[in-house]
C-alpha cells in the first residue's frame with residue numbers, strides 16, 4: 001500500500017513538474033557555425049563549398065578562421081580548404097602541407113602586431129589553390145588561382161554566416177504551442193540576454209530582460225573592454241503579439257554611461273535601482289521593478 005502511494009505521489013510530482021516546464025517562459029539559444037555555399041568558377045564550372053567556423057582572431061571578433069572543402073559539381077571530389085573570414089571578404093587556401101593548414105586554422109601569424117594578423121594570414125604563399133572573395137551585389141566575387149592560371153569565381157550567397165548567435169524568447173501558448181520571439185529584432189544586442197522576471201497572467205505575458213554584451217567586436221580598439229548593459233520590458237497578449245516595449249540603458253561605453261546599483265531591501269533582488277551618470281555629469285535614476293512589472297527612468 002505504501003509503495004503504491006509512493007508511486008502515485010511520484011507520478012503526480014512528475015506530471016506537475018512537466019506541466020510547470022511547459023508553462024515556463026525561457027530563452028533559447030541558436031548558433032550557426034557552418035554553411036553550404038554554391039557558386040561557379042569561370043562562370044561555367046558549378047561548385048559547392050562547405051565552410052565551418054574554427055576560431056576568432058586575436059585582432060577582433062569580426063575576423064576568424066574557417067575550414068572545409070569544395071568540389072566541382074560534376075566530379076564531387078572534395079578539395080580541402082582553410083581560410084580567413086574578415087569584414088567584407090574571405091580568403092581560402094588549399095595546402096598540401098599540414099603545417100601551413102594548421103597555422104591558418106589556428107591563426108598563427110608571423111607578425112607580432114595584432115592589427116596586422118589578418119593581412120598577413122590572407123597573403124600567404126605555398127598554396128596549391130587560393131580563392132579570394134569580396135562582397136559585391138548580393139554575392140561574393142573574386143579570383144580562383146593556382147600556380148598556372150587565374151579564373152573568376154563567385155559564391156552565390158549574400159552573407160556568410162559561420163558564427164551567428166541568436167537568442168529567442170519562448171512563450172508557452174495555449175494547446176502546448178510555443179511562440180519564438182527573435183530578440184535580435186529589437187536592435188539592441190542579438191545575444192547575452194537573461195530573464196530578470198517573467199510571468200503569465202490571465203491577460204498577458206510580462207517579461208523584463210537584462211542584456212549585457214561587449215561594446216565592440218574589437219578588443220584592441222576604443223571600448224574594447226567596455227560593456228553595454230540595460231533592461232528591456234516586453235508585454236505580449238496571450239497569442240504572443242507585442243503590446244508594449246521599452247528599454248533603458250544603465251551602462252554604456254559607447255554612450256558614455258556608467259552607473260551604481262542598489263537592491264531595494266526585502267525585494268529578494270526583484271527590485272533594483274540604478275543611478276546612471278552620463279558624460280555631462282547628468283544623473284538619472286532607473287528603477288527595475290520585477291515585483292510590480294515596471295521599468296521607470298526619472
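So the values come out like this:
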| quantity | calculated |
| --- | --- |
| Region 245-294: number of residues that are assigned to a strand (DSSP E or B) and either over 27 Å from residue 185 (Cα atoms) or out of contact with any helix residue (DSSP H, G or I) (no Cβ under 9 Å at 6 or more places or on another chain) (or both) | 28 |
| Single residue of 189, 197 found to be in a strand (DSSP E or B) and under 30 Å from residue 291 (Cβ atoms) | 197 |
| Strands (runs of 3 or more DSSP E) contained entirely in region 109-183, each with at least 3 residues that are outside the structural domain of residue 44 (by TED's automatic domain parsing), at pLDDT 90 or above and within 28 Å of the chain's Cα centre (by Cα) | 164-172, 178-182 |
| Among (1) modelled with pLDDT under 90; (2) closer than 24 Å to residue 173 by Cβ, the one test that residue 236 misses | (1) |
| Complete set of residues in region 32-49 that are under 24 Å from residue 191 (Cβ atoms) and not in a strand (DSSP E or B) | 33 |
| Count - residues of region 167-190 that are in contact (Cβ under 8 Å) with a residue 40 or more places away in the chain and in contact with a helix residue (DSSP H, G or I) (Cβ under 8 Å, 6 or more places away or on another chain) | 5 |
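The values are calculated or read from the model by the stated rules, or taken from the named source; none is laboratory data. All values derive from a computational prediction rather than experimental measurement. Every residue, glycine among them, receives a Cβ derived from its backbone with ideal geometry; neighbour counts consider all protein chains shown.
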